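Chemist: Handing you this structure, nothing more for now.
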Amino acid sequence: MSTPHRHTDARHSPLKIYDWYNGPYPARVRIALAEKGLLPAVDFVSINLWKGEHKTPEFLEINYSGTLPVLKLEDGTRIAECTAITQYLDHLDSKPTLTGTTAVEKGLIHMMTKRAEIEFLDAVSVYFHHATPGLGPYVEFYQNEEWGLRMRDKAVRGMRYFNEVLMSRPFVAGESFSMADIAVIGGMIFSALVELSVPEECEALRKWYARMQKRPSLVAWAAMVEKGEPLG
Ligand code: GTS
């Protein structure tokens, strides 16, 4: 997450996403967009996390939480939270492929996505912000190292939990790829950034991730990060 990058696009798309090109949470939405073939439909507005652009009064007007990503629709409606954005995008074509179609699929995907956030991704994020230099002294004005280290341990427990889950099914919420897989992928991306390794014995999680990394959506995301350029 270290290369400063600003992207503005002359095209006008009805969908605008405020994000930072290689952030793990933004990755969730970019992967969802790629899965849905929607990348060309979006204009990305780059908000530099390293300069604290997400904490300015102007950005807090856009998203109260001061976090990325945020989706802005043509009529000005703003949707924050990766899960909510993914649900919106998944329903645009009335053919949801990431958030479930039956009641039970929807329930399971929601549950596993929430678990991926609580038990894994959000815990890695707290570790990053509290027990490492995080985004630097201008952004991290309060840090609690002990809390950060507890959350690091929680994230590793989360990895073990998802390893167990993936020992008995091909995808996080069952038989097909979903938003829940994307949330765990976000956790894996963040873990790699903070050099938090997956325990050696978590073979099912490692194998699943190797499989996920071959999906065209993840290949495109990794290529974009490598080039230091936003997709779309
Ligand atoms: N619950 C939010 C979501 O799901 O969208 C969390 C979003 C979030 O934490 N985004 C990170 C952020 O804005 C972006 S990144 O770290 O993945 O690049 N972090 C900045 C901060 O100061 O918390």
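Derivation of every value follows stated rules applied to the coordinates shown; laboratory data play no part. Values in this document were obtained by computation on a predicted structure and should not be read as measured data. FYI the Cβ positions are ideal-geometry reconstructions off the backbone, even for glycines, and counts take in every protein chain you see.
Chemist: Taking θ = phi - 60°, what integer Hz values does the Karplus form 6.51 cos²θ - 1.76 cosθ + 1.60 yield along the range 149-161, in sequence order, with x for Gly and Pro?
Modeler: 5, 4, 5, 4, 5, 4, 4, 5, 4, x, 4, 5, 4
Chemist: Next question. Scan the range 155-232 for GluC sites (Glu not before Pro) in coil per DSSP, keeping those whose Cβ has at most 10 other Cβ atoms within 10 Å, and list them by number.
Modeler: On the way: sites: GLU164, GLU175, GLU195, GLU200, GLU201, GLU203, GLU226; in loops: GLU175, GLU195, GLU200, GLU201.
Passing sites in the range 155-232 are GLU175, GLU195, GLU200, GLU201.
Chemist: So who's got an amide H within less than 5 Å of the one on VAL45, skipping anything under 5 residues away but keeping other chains? H placed 1.01 Å off N, in plane.
Modeler: Those lying under 5 Å, H to H, from VAL45 are ILE17, TYR18, ASP19.
Chemist: Now for a separate question. Just to be sure I understand the model, the point goes 7 Å from the Cα along the line to the Cβ. What's the resulting LYS207 to ASP153 distance in nm?
Modeler: Label-label distance for LYS207 and ASP153, simple model: 3.1 nm.
Chemist: Where is the GNM fluctuation largest for the chain (alpha-carbon springs, 10 angstrom cutoff): ALA183, ALA41, ALA27?
Modeler: Answer for the Gaussian network model of the chain: ALA41.
Chemist: What whole-number value in cubic angstrom gives the convex hull volume per residue for the C-alpha atoms of the range 103-215?
Modeler: In the range 103-215, the Cα hull volume divided by residue count equals 102 Å³.
Chemist: Additional query: Give me the base-10 log of I(q)/I(0) for the chain at each q in 0.08, 0.11, 0.17 Å⁻¹, Debye formula, one uniform scatterer per Cα, rounded to two decimals.
Modeler: -0.28, -0.54, -1.34
Chemist: Here's something else I'd like to know. Taking trypsin sites (Lys or Arg not before Pro) that fall in a DSSP loop and have at most 13 other Cβ atoms within 10 Å as cut points, what is the longest piece of the chain between them?
Modeler: Excluding the exposed sites themselves, the longest stretch runs over 12-213.
Chemist: How much mean residue ellipticity at 222 nm does the chain get from its helices, if each DSSP H run of length 4 or more adds -39500 (n - 2.57) and you divide by all residues, to the nearest 500 deg cm²/dmol?
Modeler: -15000 deg cm²/dmol
Chemist: For the range 28-45, in order, what is each residue's ³J(HN,Hα) by Karplus, 6.51 cos²θ - 1.76 cosθ + 1.60 with θ = phi - 60°, in whole Hz (x at glycine and Pro)?
Modeler: So the Karplus estimates, Gly and Pro as x, are 4, 6, 5, 5, 4, 4, 5, 4, 8, x, 9, 3, x, 8, 10, 9, 9, 10 Hz.
Chemist: In straight Cα distance, which lysines are under 17 Å from LYS106, not counting same-chain residues fewer than 8 positions off?
Modeler: By straight Cα distance, LYS106 reaches LYS95, LYS114.
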